[in-house]
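Some notes on the structure that comes next.
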Amino acid sequence: NPKKTVMNFITRERVYRFSNDCSESALAKFLYSYFPKKVVDSILASFEVRIDTRCCYKGYYATVLVFKSKDGKIRDVKMTLFNPDTGMIVRDEDGDALIQHTHSLANELSKGYDLKKQPTLFGMQKINRAKRIGVVTSAVDAVVMSIIDPHCTWLATGHEGKFGVALYHPNVIQDLRGTGVGVTLYPECDGEAEAEQIKENLLRNGIKADV
């Protein structure tokens, strides 16, 4: 049994098998109710969002969220099924318990090699031109905030309700510090304490941070 090559990123062409026609996704359908289609399409394209046509809810497809690092390497790919009416992740009680509503496609997309995951934030590939950076927990919030406040570069950790550990990772800290701009954390209502701890760590690492 030959030893598999160890890699810390997912190759591009494997992700490009998913269509980038986001207008068919439940997430886009939700956003179209509030914002002009042209604006939504442009922001989804800037985050390089794709669709997974294998998974469908109320006639709309699942969203493929690509997590790239600052250098453009794909570190993780998550499939999330949103409710087109609410913008929330589909839950079991929504009457479709047969599908997993949010999970990483990394194992499937790294078939044939050994993927060593390297944390990054959703949207990190956009920080090279950042004037200020806002970090939220959910990818949907990052997309919505990019529409509402386009002068800020919005990133998401991709954990529902909390920031998780990605912001402590040396690679993430290095990417953020390299921009030289301030980072503001926007926690969920019960996430203040976690955000304060992360802020202190970012400050210790030479990043201007606030909550």
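Read-outs throughout are calculated quantities, based only on the coordinates presented, and are distinct from any laboratory measurement. These numbers were taken from a predicted model, which means no experiment stands behind them. Methodologically, a virtual Cβ is constructed for each residue, glycine included, from the backbone with ideal geometry; neighbour enumeration extends over all protein chains shown.
Helical runs (DSSP H, four residues minimum) scored at -39500 (n - 2.57) apiece and divided by the length of the chain put the mean residue ellipticity at 222 nm at -7500 deg cm²/dmol.
Shape analysis of segment 1-97 based on the Cα gyration tensor places the equivalent ellipsoid semi-axes at 27, 18, 10 Å, largest first. Extension gain for the segment HIS151 to VAL39, taken as residue separation times 0.36 nm less the Cα-Cα distance, is 38.9 nm to one decimal. Shape summary of the chain, radius of gyration then Dmax from alpha carbon positions: 17.1, 53 Å.
Shape index of segment 104-209: Rg/Rh, with Rg the Cα radius of gyration and Rh the Kirkwood radius from the inverse mean 1/r over Cα pairs, equals 0.98. Here is the link list: LYS70/LYS131; LYS4/LYS117; LYS68/LYS208; LYS131/LYS162. Which ones come out longer than 20 Å on Cα distance? Over 20 Å Cα-Cα: LYS68/LYS208; LYS131/LYS162. Summing charges over neighbours of VAL6, with a neighbour being any other residue whose Cβ is under 10 Å away from its Cβ, gives +2 when K and R count +1 and D and E count -1.
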